[in-house]
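Okay, so here's the structure we're looking at.
The values are calculated or read from the model by the stated rules, or taken from the named source; none is laboratory data. Owing to the predicted nature of the structure, the values given are computational and were not obtained by experimental measurement. Please note: Cβ atoms are built from the backbone with ideal geometry, for glycine as well, and neighbour counts cover all protein chains shown. The accessibility values were calculated without ligands, DNA or RNA, using every heavy atom of the protein model including side chains. Shrake-Rupley method; radii C 1.70, N 1.55, O 1.52, S 1.80 Å.
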Amino acid sequence: MDLRHLGRTGLRVSRLGLGTLTWGRDTGEQDAAELLKTFWEAGGTLVDTADVYGDGGAEYLLGRLLDGLVPRRDLVVATKAGSVPDPDRRFDASRGHLLAALDASLERLNTDYVDLWQVHAFDPETPMEETLQALEIAVGSGRVRYAGVSNFCGWQLAKAATWQLAAPGARTRLASTQMEYSLLQRGVEREVLPAALDLGIGLLPSSPLGRGVLTGKYRRGEAPAGSRGASEQLAPFVEPYLDEAAGRIVDAVTIAADGLAVTPLHVALAWVRDRPGVAAPLVGARTVHQLGEALSVEDLSLPEEICRALDDVSAPVHRYPDQDWSSL
């Protein structure tokens with residue numbers, strides 16, 4: 001698998017990442033082992049998790065598999081901290097919480113460092129400088145090699161990156177931002193992606209297959225048995241992408257796939273993988289078969305005319321001041 005630099009850093013990652021959202025909950029140790037080994041054997045390096053996935057179970061499973069199954073040195077292990085199971089405060093990016101969460105993550109992961117540590121979401125109750133100082137401490141202590149953020153909107157990402165760039169060489173610059181991005185969700189193109197491109201921050205798209213909808217398996221409005229849409233926990237996660245507008249985009253993806261003799265998954269994944277600024281889409285495959293299909297997209301590049309057609313059918317509405325408004 002080809003490697004790409006993560007933003008304007010020296011860290012290189014496989015251009016497809018393995019997500020672990022379901023590990024420790026719907027994906028047990030045997031299935032996780034098969035997924036990780038298949039990914040590694042295909043040349044994959046980037047494995048993304050978080051301290052809240054499976055209530056810590058995802059990190060614990062990954063930690064059990066490191067070295068015993070896959071050499072630790074061959075993987076770029078990314079995790080996140082900041083989400084908390086508190087209905088009154090969903091995110092805690094205070095210095096105390098983040099650093100304690102990092103120590104707990106390292107223990108579960110059975111490693112003394114993570115390659116990429118990400119703030120899971122913006123915390124409006126904590127000064128951003130305090131949050132960013134926690135990243136500095138983590139990198140300075142050697143427990144973290146590179147730092148990133150997740151689910152930051154445009155101004156939040158720009159403010160964070162600018163704070164770090166204000167002291168060149170003294171502060172760790174952001175390597176990445178993880179955001180949902182697919183043909184069904186192109187909101188990052190308004191402000192986040194332009195900011196990331198300008199600041200040299202790599203984009204790690206989550207849910208690149210539109211939460212599974214872009215595979216085409218929900219086209220009859222029904223959720224197949226075993227799918228996320230049929231899961232009591234994940235059905236609300238899928239439901240927003242089952243409307244009429246999404247259906248038109250899925251139809252276009254399916255037509256393109258038929259013309260190229262590939263699957264809708266291949267088309268949707270290749271489209272987001274090759275967007276400007278994207279480092280590595282994160283695929284949360286639940287089975288080895290699903291992962292194998294995703295990995296087989298490595299040799300596919302979409303023809304320019306198909307990219308334009310998909311761009312047109314999925315184009316979000318961008319008005320003032322997000323577009324060039326010089327003619328208004």
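Sorted by accessible area with a 1.4 angstrom probe, largest first, how do Val313, Val84, Val77 fall? Write down the numbers at each step before the final one.
Numbers: Val313 60, Val84 35, Val77 0 Å².
Solvent-accessible surface, decreasing: Val313, Val84, Val77.
Rg/Rh for the chain stands at 0.95; both radii use Cα atoms, and Rh follows the Kirkwood definition. With each label point set 7 Å from Cα along the Cα-Cβ vector, what nm distance links Asp198 and Ala166? Roughly 1.7 nm, to one decimal.
Go through His120, His5 and list them by solvent-accessible area, largest first, probe radius 1.4 Å.
My answer, sorted largest first, is His5, His120.
Solvent-accessible area of the chain (1.4 angstrom probe, protein heavy atoms only): carbon and sulfur portion equals 49 percent. In a reduced charge model with +1 at each Lys and Arg Cβ and -1 at each Asp and Glu Cβ, the chain shows a dipole moment near 460 debye about its Cα centre. For the range 255-303, the per residue solvent-accessible surface stands at 38 Å², with DNA, RNA and ligands left out and a 1.4 Å probe. In this structure the range 21-180 gives 41 Å² per residue of accessible area when probed at 1.4 Å with all protein chains present. Restricting the trypsin sites (Lys or Arg not before Pro) of the range 32-125 to loop positions (DSSP other than H, G, I, E, B) with no more than 12 neighbouring Cβ atoms within 10 Å leaves Arg89. Remark: spin-label model distance Arg64-Ala315 equals 5.0 nm, labels positioned 7 Å along the Cα→Cβ axis.
For the range 91-104, putting each phi into the Karplus relation 6.51 cos²θ - 1.76 cosθ + 1.60 with θ = phi - 60° gives couplings of 10, 9, 10, 5, 4, x, 5, 4, 5, 5, 5, 5, 4, 5 Hz, in residue order, rounded to whole numbers and with x for Gly and Pro.
Using a 7 Å offset from Cα along Cα-Cβ at Arg89, what residues in the range 106-132 end up with backbone N under 18 Å from the label point? Label zone hits: 119-132.
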